[in-house]
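I have placed the structure first, in the form of structure tokens, so that the comments after it can refer back to it.
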Amino acid sequence: MAEAADTPLPTHGGAFSAAADERPKRNVWPALRRGFAGRCPCCGKGALLRSYLKVCDRCAVCGTELFHQRADDAPPYVTVLVVGHSVGALMLLTEEVAPNLPILYHALIWPSLTLVLCLALLPAFKGALVGYQWALRMHGFDTEAPDCS
């Protein structure tokens with residue numbers, strides 16, 4: 001049993017690599033914060049997105065390759081989860097505070113708030129996910145990045 005614990009884990013493609021254990025760890029929280037702010041997860045200075053949801057191929061400041069990202073459906077899922085719970089809670093709170101609010105106000109407030117929050121949070125959640133993938137060296141981010149601090 002002790003020998004199994006000392007055996008290195010396989011890397012991509014099933015090959016074993018001792019070099020993977022020697023690479024410096026990347027700090028997840030700064031990468032998440034930088035990505036959420038729309039900045040490069042490595043240096044925090046360059047832009048992460050070149051348009052609303054398009055990720056830059058590489059950082060213009062430090063040169064970190066960003067095209068490896070595989071965000072797929074995770075950012076919309078997290079956005080709907082957060083916005084749905086937040087707006088739902090606000091709707092219930094409003095019914096408690098102002099129970100006689102006309103239905104027209106509800107019809108104007110909640111869809112508008114939902115749309116604005118979804119459009120505002122989607123790029124931030126995508127950036128945070130790209131930063132998370134970079135920090136954990138997922139999907140091709142396992143190569144050495146330029147000197148980032």
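The values are calculated or read from the model by the stated rules, or taken from the named source; none is laboratory data. Remember, predicted model here, so these are calculated numbers, not experimental data. Glycine gets a Cβ as well: all are built from the backbone with ideal geometry, and neighbour counts include every protein chain shown.
Quick notes
- So ALA5, is it at pLDDT 95 or above, part of a helix (DSSP H, G or I), of a type outside the set (S, T, N, Q) and more than 27 Å from the chain's Cα centre (by Cα): no
- The sole residue among ALA128, ALA124, ALA107 that is surrounded by 18 or more Cβ atoms within 10 Å (Cβ to Cβ) and either in contact with a Leu (Cβ under 7 Å, 6 or more places away or on another chain) or farther than 30 Å from GLU22 by Cα (or both) is ALA128.
- Subset of the stretch 43-70 [under 14 Å from the mean Cα position of the chain (by Cα), closer than 16 Å to ARG137 by Cβ and surrounded by 15 or more Cβ atoms within 10 Å (Cβ to Cβ)]: LEU66, HIS68, GLN69
- SER17 falls short on exactly one of the conditions (1) modelled with pLDDT of 75 or more; (2) surrounded by 13 or more Cβ atoms within 10 Å (Cβ to Cβ), and that condition is (1).
- Looking across the stretch 71-84, the residues that are under 12 Å from the mean Cα position of the chain (by Cα), of a type in the set (A, V, I, L, M, F, W, C) and not in a loop (DSSP other than H, G, I, E, B) come down to ALA74, VAL78.
- Restricted to the stretch 26-42, and to residues there that are within 14 Å of LYS126 (Cβ to Cβ) and among the aliphatic types (A, V, I, L, M), the residue that is surrounded by the most Cβ atoms within 10 Å (Cβ to Cβ) is ALA31.
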